[in-house]
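First up is the structure itself, then whatever we jot down about it.
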Amino acid sequence: MTDKKDLLSSKKALMKSIDDVYEMYIRMLALISEITEHTAIDAIERANKHFPTAEDLNPNQKLLHNKFIVLLQKSPEFQAAVNKYQVNWNAEPGFIKTIYNKLKATPEYAAYLEDPDDSLESSKEIIKFIFRKIILKSQNIIQAFEDKFINWPVDKEVMQGMVAKTIKNFINEDPFKNKLTPISADWKEDSKFVEDLFVYTLKNNNEYQGLIAERTKNWESERIALMDTILMKMAICELMNFPSIPVKVTINEYLDLSKDYSTPKSNSFINGILDKILGDLKRTNSIKKLGRGLIEE
(Lines give C-alpha, C1' and ligand atoms only; values in the text may rest on other atoms or scores of the structure.)
Protein backbone atom coordinates (compact mmCIF):
# COMPACT_ATOMS: atom_id res chain seq x y z
CA MET A 1 0.00 0.00 0.00
CA THR A 2 3.01 2.30 -0.06
CA ASP A 3 2.77 2.79 -3.82
CA LYS A 4 2.01 6.48 -4.37
CA LYS A 5 -0.85 5.87 -6.80
CA ASP A 6 -2.52 3.34 -4.49
CA LEU A 7 -2.04 5.66 -1.55
CA LEU A 8 -3.67 8.60 -3.30
CA SER A 9 -6.54 6.43 -4.48
CA SER A 10 -7.10 5.05 -0.97
CA LYS A 11 -6.97 8.51 0.57
CA LYS A 12 -9.52 9.76 -1.95
CA ALA A 13 -11.80 6.83 -1.11
CA LEU A 14 -11.47 7.60 2.60
CA MET A 15 -12.41 11.26 2.20
CA LYS A 16 -15.31 10.26 -0.06
CA SER A 17 -16.61 7.92 2.64
CA ILE A 18 -16.61 10.83 5.11
CA ASP A 19 -18.39 13.08 2.62
CA ASP A 20 -20.96 10.30 2.20
CA VAL A 21 -21.97 10.81 5.84
CA TYR A 22 -22.76 14.45 5.12
CA GLU A 23 -24.65 13.53 1.95
CA MET A 24 -26.63 10.97 3.97
CA TYR A 25 -27.51 13.73 6.44
CA ILE A 26 -28.64 16.12 3.67
CA ARG A 27 -30.71 13.40 2.00
CA MET A 28 -32.42 12.65 5.29
CA LEU A 29 -33.29 16.30 5.90
CA ALA A 30 -34.59 16.53 2.32
CA LEU A 31 -36.72 13.43 2.86
CA ILE A 32 -38.32 14.94 5.97
CA SER A 33 -38.98 18.11 4.00
CA GLU A 34 -40.51 16.15 1.12
CA ILE A 35 -42.85 14.31 3.47
CA THR A 36 -44.21 17.61 4.76
CA GLU A 37 -44.58 18.85 1.16
CA HIS A 38 -46.77 15.84 0.38
CA THR A 39 -49.46 17.49 2.53
CA ALA A 40 -50.35 19.69 -0.46
CA ILE A 41 -50.50 16.74 -2.86
CA ASP A 42 -52.68 14.81 -0.43
CA ALA A 43 -55.04 17.79 -0.18
CA ILE A 44 -55.45 17.89 -3.98
CA GLU A 45 -56.10 14.16 -4.16
CA ARG A 46 -58.71 14.37 -1.43
CA ALA A 47 -60.47 17.30 -3.12
CA ASN A 48 -60.61 15.35 -6.39
CA LYS A 49 -62.45 12.38 -4.91
CA HIS A 50 -65.74 11.48 -6.58
CA PHE A 51 -67.57 12.20 -3.34
CA PRO A 52 -65.32 14.42 -1.19
CA THR A 53 -66.38 15.19 2.36
CA ALA A 54 -66.29 18.67 3.86
CA GLU A 55 -63.02 17.72 5.52
CA ASP A 56 -61.62 16.53 2.18
CA LEU A 57 -62.44 19.90 0.67
CA ASN A 58 -60.87 21.80 3.53
CA PRO A 59 -58.06 19.61 4.97
CA ASN A 60 -55.75 20.72 7.75
CA GLN A 61 -52.42 21.58 6.08
CA LYS A 62 -50.57 22.66 9.20
CA LEU A 63 -47.63 20.38 8.42
CA LEU A 64 -47.10 22.10 5.06
CA HIS A 65 -46.30 25.32 6.92
CA ASN A 66 -44.24 23.72 9.69
CA LYS A 67 -41.90 26.48 10.87
CA PHE A 68 -38.81 24.32 11.22
CA ILE A 69 -39.21 22.94 7.69
CA VAL A 70 -39.90 26.38 6.23
CA LEU A 71 -36.68 27.67 7.80
CA LEU A 72 -34.78 24.64 6.53
CA GLN A 73 -36.12 25.06 2.99
CA LYS A 74 -35.13 28.74 2.97
CA SER A 75 -31.62 28.03 4.24
CA PRO A 76 -29.07 28.88 1.51
CA GLU A 77 -26.72 26.32 3.03
CA PHE A 78 -29.32 23.57 2.74
CA GLN A 79 -30.31 24.58 -0.79
CA ALA A 80 -26.67 24.51 -1.89
CA ALA A 81 -26.14 21.05 -0.38
CA VAL A 82 -29.28 19.65 -2.03
CA ASN A 83 -28.01 20.93 -5.38
CA LYS A 84 -24.50 19.62 -4.78
CA TYR A 85 -25.69 16.08 -4.06
CA GLN A 86 -28.54 16.27 -6.60
CA VAL A 87 -31.10 15.13 -4.06
CA ASN A 88 -34.50 14.46 -5.60
CA TRP A 89 -37.00 12.40 -3.63
CA ASN A 90 -39.69 13.47 -6.13
CA ALA A 91 -38.46 10.70 -8.38
CA GLU A 92 -40.29 8.27 -6.09
CA PRO A 93 -43.71 9.82 -5.37
CA GLY A 94 -45.23 6.48 -4.33
CA PHE A 95 -42.47 6.06 -1.77
CA ILE A 96 -43.21 9.46 -0.19
CA LYS A 97 -46.96 8.84 -0.27
CA THR A 98 -46.60 5.57 1.64
CA ILE A 99 -44.57 7.24 4.36
CA TYR A 100 -47.00 10.17 4.57
CA ASN A 101 -49.99 7.84 4.89
CA LYS A 102 -48.27 6.02 7.77
CA LEU A 103 -47.77 9.36 9.48
CA LYS A 104 -51.36 10.45 8.83
CA ALA A 105 -52.67 7.34 10.58
CA THR A 106 -50.88 8.03 13.87
CA PRO A 107 -52.52 9.62 16.93
CA GLU A 108 -49.45 11.82 17.33
CA TYR A 109 -50.10 13.44 13.98
CA ALA A 110 -53.78 13.95 14.81
CA ALA A 111 -52.80 15.61 18.10
CA TYR A 112 -50.34 17.86 16.25
CA LEU A 113 -53.05 19.04 13.85
CA GLU A 114 -55.41 19.82 16.73
CA ASP A 115 -52.81 21.67 18.79
CA PRO A 116 -53.16 25.47 18.28
CA ASP A 117 -49.51 26.02 19.25
CA ASP A 118 -47.67 26.92 16.07
CA SER A 119 -44.35 28.05 17.57
CA LEU A 120 -40.96 27.03 16.20
CA GLU A 121 -40.30 24.81 19.22
CA SER A 122 -43.68 23.14 18.87
CA SER A 123 -43.08 22.55 15.16
CA LYS A 124 -39.89 20.65 15.99
CA GLU A 125 -41.73 18.02 18.03
CA ILE A 126 -43.66 16.57 15.09
CA ILE A 127 -40.49 16.65 12.97
CA LYS A 128 -38.67 14.63 15.65
CA PHE A 129 -41.57 12.18 15.68
CA ILE A 130 -41.51 11.83 11.88
CA PHE A 131 -37.76 11.26 11.94
CA ARG A 132 -37.53 8.84 14.86
CA LYS A 133 -40.82 6.94 14.73
CA ILE A 134 -41.77 6.96 11.06
CA ILE A 135 -38.62 7.28 8.94
CA LEU A 136 -36.17 5.30 11.06
CA LYS A 137 -38.77 2.56 11.60
CA SER A 138 -39.48 2.13 7.89
CA GLN A 139 -37.74 -0.84 6.28
CA ASN A 140 -38.25 0.70 2.84
CA ILE A 141 -36.38 3.84 3.86
CA ILE A 142 -33.61 1.89 5.53
CA GLN A 143 -33.25 -0.22 2.39
CA ALA A 144 -33.11 2.88 0.20
CA PHE A 145 -30.26 4.32 2.28
CA GLU A 146 -28.45 0.98 2.46
CA ASP A 147 -28.60 0.73 -1.33
CA LYS A 148 -27.16 4.23 -1.69
CA PHE A 149 -24.57 4.15 1.10
CA ILE A 150 -22.44 1.06 1.64
CA ASN A 151 -21.43 2.21 5.15
CA TRP A 152 -24.99 2.90 6.31
CA PRO A 153 -24.86 0.39 9.23
CA VAL A 154 -21.85 2.22 10.72
CA ASP A 155 -22.59 5.80 9.66
CA LYS A 156 -26.30 5.95 10.45
CA GLU A 157 -25.72 6.84 14.11
CA VAL A 158 -23.55 9.81 13.13
CA MET A 159 -26.21 10.95 10.67
CA GLN A 160 -28.94 10.60 13.29
CA GLY A 161 -26.93 12.72 15.71
CA MET A 162 -26.43 15.40 13.05
CA VAL A 163 -30.15 15.55 12.25
CA ALA A 164 -31.05 15.74 15.95
CA LYS A 165 -28.52 18.52 16.47
CA THR A 166 -29.87 20.45 13.50
CA ILE A 167 -33.42 20.32 14.83
CA LYS A 168 -32.20 21.51 18.22
CA ASN A 169 -29.99 24.30 16.87
CA PHE A 170 -32.52 25.91 14.52
CA ILE A 171 -33.66 28.57 16.98
CA ASN A 172 -33.71 31.74 14.90
CA GLU A 173 -36.66 32.66 12.72
CA ASP A 174 -34.25 34.27 10.28
CA PRO A 175 -33.23 31.39 7.94
CA PHE A 176 -29.86 33.03 7.26
CA LYS A 177 -28.88 32.76 10.93
CA ASN A 178 -29.46 29.02 11.34
CA LYS A 179 -26.60 26.70 10.43
CA LEU A 180 -26.53 23.08 9.36
CA THR A 181 -24.50 20.64 11.43
CA PRO A 182 -20.96 20.24 10.05
CA ILE A 183 -19.06 16.95 10.01
CA SER A 184 -16.83 18.47 12.71
CA ALA A 185 -16.41 21.83 14.41
CA ASP A 186 -13.27 22.59 12.38
CA TRP A 187 -13.33 20.33 9.35
CA LYS A 188 -10.44 22.12 7.64
CA GLU A 189 -8.10 21.19 10.48
CA ASP A 190 -9.73 17.84 11.23
CA SER A 191 -9.63 16.69 7.61
CA LYS A 192 -5.87 17.29 7.56
CA PHE A 193 -5.53 15.17 10.71
CA VAL A 194 -7.59 12.36 9.15
CA GLU A 195 -5.52 12.41 5.96
CA ASP A 196 -2.20 12.54 7.81
CA LEU A 197 -3.15 9.73 10.20
CA PHE A 198 -4.26 7.58 7.28
CA VAL A 199 -1.16 8.24 5.18
CA TYR A 200 1.36 7.87 8.03
CA THR A 201 -0.26 4.62 9.19
CA LEU A 202 -0.08 3.07 5.73
CA LYS A 203 3.43 4.30 4.98
CA ASN A 204 4.74 2.90 8.26
CA ASN A 205 2.61 -0.23 8.27
CA ASN A 206 5.54 -2.67 8.40
CA GLU A 207 7.23 -0.81 11.27
CA TYR A 208 4.06 -0.71 13.33
CA GLN A 209 3.33 -4.37 12.58
CA GLY A 210 6.79 -5.21 13.86
CA LEU A 211 6.19 -3.35 17.13
CA ILE A 212 2.92 -5.23 17.61
CA ALA A 213 4.44 -8.60 16.68
CA GLU A 214 7.22 -8.09 19.22
CA ARG A 215 4.65 -7.75 21.99
CA THR A 216 2.25 -10.48 20.84
CA LYS A 217 4.70 -13.38 20.46
CA ASN A 218 2.63 -15.53 22.78
CA TRP A 219 -0.50 -14.98 20.71
CA GLU A 220 -1.40 -16.93 17.59
CA SER A 221 -1.90 -14.40 14.81
CA GLU A 222 -5.33 -15.77 13.86
CA ARG A 223 -6.52 -15.13 17.42
CA ILE A 224 -5.88 -11.39 17.09
CA ALA A 225 -8.85 -9.60 15.57
CA LEU A 226 -7.99 -7.64 12.42
CA MET A 227 -9.72 -4.57 13.84
CA ASP A 228 -7.54 -4.78 16.96
CA THR A 229 -4.42 -4.72 14.79
CA ILE A 230 -5.70 -1.76 12.76
CA LEU A 231 -6.59 0.22 15.90
CA MET A 232 -3.19 -0.46 17.47
CA LYS A 233 -1.37 0.64 14.32
CA MET A 234 -3.37 3.88 14.27
CA ALA A 235 -2.65 4.45 17.96
CA ILE A 236 1.10 3.89 17.45
CA CYS A 237 1.00 6.28 14.50
CA GLU A 238 -0.70 8.95 16.59
CA LEU A 239 1.76 8.46 19.45
CA MET A 240 4.76 8.87 17.16
CA ASN A 241 3.61 11.48 14.65
CA PHE A 242 1.27 13.92 16.37
CA PRO A 243 3.27 15.87 18.97
CA SER A 244 0.38 18.01 20.22
CA ILE A 245 -1.86 15.08 21.23
CA PRO A 246 -1.25 13.82 24.80
CA VAL A 247 -0.37 10.15 25.20
CA LYS A 248 -3.27 9.54 27.56
CA VAL A 249 -5.75 11.04 25.08
CA THR A 250 -4.49 8.77 22.29
CA ILE A 251 -4.68 5.61 24.41
CA ASN A 252 -8.19 6.43 25.68
CA GLU A 253 -9.43 7.27 22.18
CA TYR A 254 -8.48 3.89 20.75
CA LEU A 255 -9.74 1.98 23.76
CA ASP A 256 -13.11 3.70 23.24
CA LEU A 257 -13.05 2.86 19.53
CA SER A 258 -12.37 -0.79 20.33
CA LYS A 259 -15.56 -0.91 22.43
CA ASP A 260 -17.62 0.20 19.44
CA TYR A 261 -15.89 -1.54 16.57
CA SER A 262 -14.17 -4.68 17.84
CA THR A 263 -14.74 -7.66 20.14
CA PRO A 264 -15.84 -7.61 23.81
CA LYS A 265 -12.31 -8.58 24.93
CA SER A 266 -10.51 -6.14 22.63
CA ASN A 267 -10.45 -3.29 25.11
CA SER A 268 -8.32 -5.08 27.70
CA PHE A 269 -6.16 -6.76 25.04
CA ILE A 270 -5.37 -3.50 23.22
CA ASN A 271 -4.77 -1.70 26.50
CA GLY A 272 -2.21 -4.30 27.59
CA ILE A 273 -0.34 -4.40 24.26
CA LEU A 274 -0.29 -0.62 23.80
CA ASP A 275 1.01 -0.19 27.35
CA LYS A 276 3.98 -2.41 26.52
CA ILE A 277 4.59 -0.74 23.15
CA LEU A 278 4.41 2.67 24.80
CA GLY A 279 7.17 1.58 27.16
CA ASP A 280 9.25 0.43 24.19
CA LEU A 281 8.76 3.74 22.39
CA LYS A 282 9.71 5.73 25.47
CA ARG A 283 12.90 3.72 25.93
CA THR A 284 13.95 4.43 22.34
CA ASN A 285 12.93 8.08 22.65
CA SER A 286 10.52 7.59 19.74
CA ILE A 287 7.76 9.78 21.17
CA LYS A 288 8.16 13.52 20.79
CA LYS A 289 5.61 15.81 22.40
CA LEU A 290 5.53 19.60 22.28
CA GLY A 291 4.12 20.48 25.69
CA ARG A 292 5.06 19.52 29.22
CA GLY A 293 3.26 16.47 30.56
CA LEU A 294 1.94 15.33 27.19
CA ILE A 295 4.04 12.18 27.21
CA GLU A 296 2.94 11.05 30.66
CA GLU A 297 0.10 8.61 31.07
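The values are calculated or read from the model by the stated rules, or taken from the named source; none is laboratory data. Computed from a prediction, not measured in an experiment: that's the story for all the values here. When we count neighbours, we look across all protein chains shown, and the Cβ atoms used for this are built from the backbone with ideal geometry, even at glycine. The protein model used for the area step is the full one, side chains on, heavy atoms only, and it has no ligands, DNA or RNA in it. Shrake-Rupley method; radii C 1.70, N 1.55, O 1.52, S 1.80 Å.
Residues checked against (1) without any contact (Cβ under 8 Å) to a residue 40 or more places away in the chain; (2) surrounded by 17 or more Cβ atoms within 10 Å (Cβ to Cβ); (3) over 25 Å from Ala91 (Cβ atoms); (4) hydrophobic (A, V, I, L, M, F, W, C):
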position: Gln139; (1), (2), (3), (4): yes, no, no, no
position: Pro153; (1), (2), (3), (4): yes, no, no, no
position: Met162; (1), (2), (3), (4): no, yes, no, yes
position: Phe170; (1), (2), (3), (4): no, yes, yes, yes
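How many residues, within the range 59-97, are within 27 Å of Tyr22 (Cβ to Cβ), open to solvent by 50 Å² or more (accessible area, probe 1.4 Å) and at pLDDT below 95?
Result for the range 59-97: 5.
List pairs: first in the range 110-123 and over 18 Å from Asn58 (Cα atoms), second open to solvent by less than 60 Å² (accessible area, probe 1.4 Å), Cβ under 7 Å, 6+ apart or cross-chain?
Listed pairs, sorted by first residue: Leu120/Phe68; Ser123/Asn66; Ser123/Phe68.
Assess whether Lys133 counts as being at negative phi, surrounded by 13 or more Cβ atoms within 10 Å (Cβ to Cβ), at pLDDT 95 or above and not polar (S, T, N, Q).
Yes.
Given the criteria in a helix (DSSP H, G or I) and among the basic types (Lys, Arg), does Lys5 qualify?
yes
Checking Lys179 against (1) under 26 Å from Leu120 (Cβ atoms); (2) more than 23 Å from the chain's Cα centre (by Cα), only one condition comes out false. Which one?
(2)
Picking from Asp56, Asp42, which residue would you name as being out of contact with any Gly (no Cβ under 9 Å at 6 or more places or on another chain), without any contact (Cβ under 8 Å) to a residue 40 or more places away in the chain, among the acidic types (Asp, Glu) and open to solvent by less than 30 Å² (accessible area, probe 1.4 Å)?
Asp56
Give me the helices (runs of 4 or more DSSP H) completely within the range 55-148, filtered to those with at least 2 residues that are closer than 28 Å to Asp174 by Cα and small (Gly, Ala, Ser), ordered by residue number.
76-84, 120-129
Can you tell me which residue within the range 208-241, out of those that are of a type in the set (Asp, Glu) and exposed (fewer than 15 other Cβ atoms within 10 Å of the Cβ), is modelled with the lowest pLDDT?
Only one residue tops the list, namely Glu222.
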